[in-house]
Amino acid sequence: VKMSGMNQNNHKSDQQSAAPNQTSEANYKNGVHLNKQDFDKKIKLFYEHWDKDDTFDAFIFTMGKITSDYNQTNIKAFHHWLLKYEFSETQFLITKSKIVFLCSSKKKTLLCEVSEEYKDRIEILTKDLKLDEGTEEYTK
């Protein structure tokens, strides 16, 4: 997980003001903090704009390994806007009724606390990235 270019001092003050539970405490030690209120505000804005133009049934955002590949610029920007981090090898599927993340088990521990308002809509699937190629196994 890469941290965005945010000011470290502001990041620390955000961490101190939150009351972490056991899972998020470990995330704080790793320097990763996802702001629930910020995520909820931004995903709400995403849904509001989507409601104005009902052209699409769903959106999928696929991030591969972190590279300087120009093709991933918009996905990186979306990650930074929504989460303030780049989650490599992660997919987001956003439908009208659900937000699905497909990621590694380690990232699941970070993303499981990403929202308060939308937590009932969020589903996180994990993929064992160490399986042989061609074998896919997803778990909840």
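The values are calculated or read from the model by the stated rules, or taken from the named source; none is laboratory data. In this text, all values refer to a predicted model and were calculated from it rather than measured experimentally. Because the Cβ atoms are built from the backbone with ideal geometry, glycine has one as well, and the counts that use them run over all protein chains shown. Side chains are part of the model used for accessible areas, which takes the heavy atoms of the whole protein and leaves out ligands, DNA and RNA. Shrake-Rupley method; radii C 1.70, N 1.55, O 1.52, S 1.80 Å.
The magnitude of the dipole of segment 33-126, with charges of +1 and -1 set on the Cβ of Lys/Arg and Asp/Glu and taken from the Cα centre, is near 300 debye. Electrostatic tally near Thr95: other residues with Cβ closer than 11 Å to its Cβ, Lys and Arg +1, Asp and Glu -1, net +1.
In what order, largest first, do His80, His49, His33 sit by accessible area if the probe radius is 1.4 Å? Could the numbers behind the result be given before it?
Details: His80 55, His49 105, His33 30 Å².
Per-residue accessible area, sorted high to low, gives His49, His80, His33.
Take every Cα-Cα pair in segment 33-126 and report what % of them are more than 17 Å apart. Cα-Cα pairs of segment 33-126 separated by over 17 Å account for 49 percent. Can you work out the FRET efficiency for the pair Gln37 and Lys106, with r the C-beta to C-beta distance and R0 = 25 Å, to the nearest 0.05? E(calc), rounded to 0.05, equals 0.55.
Expressed as a whole percentage, what fraction of the accessible surface of segment 33-126 belongs to carbon and sulfur atoms when a 1.4 Å probe is rolled over the protein heavy atoms?
Working: 2730 of 5200 Å².
Here it works out to 52 percent.
Taking 7 Å steps out from each Cα toward its Cβ at Lys52 and Glu89 produces label points 3.8 nm apart. Gain on full extension, evaluated as 0.36 nm per residue between Ala77 and Leu125 minus their Cα-Cα distance, stands at 15.0 nm.
Please give the peptides 81-94, 51-64 ranked by average Cβ packing (other Cβ atoms within 10 Å per residue), highest first, as a rough proxy for protection.
Details: 81-94: 19.0, 51-64: 10.5.
Top to bottom by mean Cβ count within 10 Å: 81-94, 51-64.
Solvent-accessible area per residue for segment 33-126 at a 1.4 Å probe radius, Å²? It would help to have the intermediate numbers written out before the result.
Details: 5200 Å² over 94 residues.
Using a 1.4 Å probe on heavy atoms only, each residue of segment 33-126 averages 55 Å².
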